[in-house]
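Bear in mind that the values in this text are calculations on the coordinates, not laboratory data. As the structure is a computational prediction, the values presented were derived from the model and not from experiment. Because the Cβ atoms are built from the backbone with ideal geometry, glycine has one as well, and the counts that use them run over all protein chains shown.
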Amino acid sequence: MKNNSHFIKGIFSAITAWLGSSMGLLLPTLALLFLLMSAEYFSEILVAKKEAFEHPDNRQNQPFRRKTIFSVYRKAGCILTISAALSVDCLIHKYAARLGMQTDNHTLFSLLVTIWFILNELLSILRNAKRLGTALPGFLVKVIKKIKKSINHTEL
């Protein structure tokens, strides 16, 4: 059993090292995204519980379970979208090399998509914090929206 554990840890370490060397900046960006996804999910749970507590007789509030399941579906869609963008990056890199073209960045599309989803998660966390009663600095929301808008209009 102990040897199995070391084998699994070794495989996981090798895969992580390979991903880190081949993806460069994408790997820490993905880690940040998953951290923010967890924080956003937790804030969504808090908002659902708060609204249910404040308005126990209001049937228009979606049930807690339904809200959290939709949040999980949305996060799965984000992961699938990043996987598709990573596949496009791999195809571009592989075929550009075969055509004799030099590509400097291996993960251009997937990095842009991941950053876009990070900004979405940040905006959602701020929105949930506001729904929980937190006073937000206006400049913070404006800056995040501005960065998101500039990513939407980025030319490659």
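Using the Cβ-Cβ distance between Thr134 and Leu27 with R0 set to 35 Å, the FRET efficiency works out to roughly 0.65.
Cross-link pairs exceeding 27 Å between alpha carbons, from the set Lys67/Lys148; Lys49/Lys148; Lys49/Lys75; Lys75/Lys130: Lys49/Lys148. Couplings 3J(HN,Hα) for region 28-43, derived from phi with the Karplus relation 6.51 cos²θ - 1.76 cosθ + 1.60 (θ = phi - 60°), are x, 5, 5, 4, 4, 4, 5, 5, 5, 4, 5, 5, 5, 4, 4, 5 Hz, where x marks Gly and Pro.
Quickly rank 141-149, 117-125 as a protection proxy: mean count of other C-beta atoms within 10 Å, highest first.
Details: 141-149: 13.3, 117-125: 19.6.
Sorting 141-149, 117-125 by mean packing, highest first, produces 117-125, 141-149.
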